[in-house]
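One structure is given here, and the rest of the page talks about it.
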C-alpha cells in the first residue's frame, strides 16, 4: 500500500470527551485512509480506547473491496482501536464498503454505520453536533 502527500482529511481528538473525529473531503483513496490512520495513531492525544467517528459525507470513496480488506487487516494487526466507531456515509458505494469493514472488524470493536449526525450521536451516547459546527 502506498501513501500520498495530498491531505483530504482532518483529524481532531477531544481527550475530555474520549473522542476522535476524522472528516474526509474530495476523492478518498486507500493512500488517504492510511495517511489518516497513521496521523491518528501518532497524534499525541490519541488513545485506542476512545470512540471515534469517520465522516465520509463530503467525499467520494475510491477504495475497492480488496483495499477495504487490506485496511481491515492493517487495523486488526496493529490493534489500532478498541472503542466504538461510527461511519457517517451518504453514498451507496461508501455505505457498502463501510459494511464490509464493519463485518470484518466487529470482533475487535463495534462499528456503526449512519447517514446522519443525530443517529451517530445516539450510537455514541454523545451529542456530536458541537464537534462538527
Review point. Taking only pairs six or more apart or across chains, which ones have beta-carbon atoms under 7 Å, a first residue in the stretch 72-84 that is in contact (Cβ under 8 Å) with a residue 60 or more places away in the chain, and a second residue that is part of a loop (DSSP other than H, G, I, E, B) and buried (at least 16 other Cβ atoms within 10 Å of the Cβ)?
Key: 83/50; 83/109
Study note, to complete from the structure: Here the residues within the stretch 114-128 that are within 20 Å of residue 13 (Cα to Cα), free of Cβ contacts under 8 Å to residues at least 60 places away in the same chain and either in contact with a helix residue (DSSP H, G or I) (Cβ under 8 Å, 6 or more places away or on another chain) or in a loop (DSSP other than H, G, I, E, B) (or both) are 117, 121, 125, 127
Exercise for review: Enumerate the pairs (first residue in the stretch 88-104 and farther than 9 Å from residue 57 by Cα; second residue anywhere and surrounded by fewer than 16 Cβ atoms within 10 Å (Cβ to Cβ) and modelled with pLDDT of 95 or more) with beta-carbon separation below 6 Å, excluding pairs fewer than 6 apart on the same chain, so at least 6 apart or on different chains.
Suggested key: 100/65
Check your understanding: Residue check, residue 120 against (1) over 22 Å from residue 7 (Cα atoms); (2) surrounded by fewer than 16 Cβ atoms within 10 Å (Cβ to Cβ), all met but one. Which one?
Key -> (2)
Exercise for review: For the stretch 85-104, name all the residues that are under 27 Å from residue 16 (Cα atoms) and surrounded by 20 or more Cβ atoms within 10 Å (Cβ to Cβ).
Suggested key: 85, 86, 87, 88, 89
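Each row is one residue, and each column tells you yes or no for (1) more than 17 Å from residue 124 (Cβ to Cβ); (2) in a helix (DSSP H, G or I); (3) at pLDDT 95 or above.
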| site | (1), (2), (3) |
| --- | --- |
| 24 | yes, no, yes |
| 38 | yes, yes, no |
| 41 | yes, yes, no |
| 45 | yes, no, yes |
| 53 | no, no, yes |
Practice item. Confirm whether residue 77 is under 23 Å from residue 19 (Cα atoms) and outside any helix (DSSP H, G or I). Key: no
Revision key, fill the gap. Of (1) more than 19 Å from residue 8 (Cα to Cα); (2) touching a strand residue (DSSP E or B) at 6+ places or on another chain (Cβ under 8 Å); (3) at pLDDT 95 or above, residue 105 fails just (3)
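The values are calculated or read from the model by the stated rules, or taken from the named source; none is laboratory data. A quick note: this is a predicted structure, and the numbers were derived from the prediction, not measured. Positions of Cβ are generated from backbone atoms using ideal geometry, with glycine treated the same way; all protein chains shown enter the neighbour counts.
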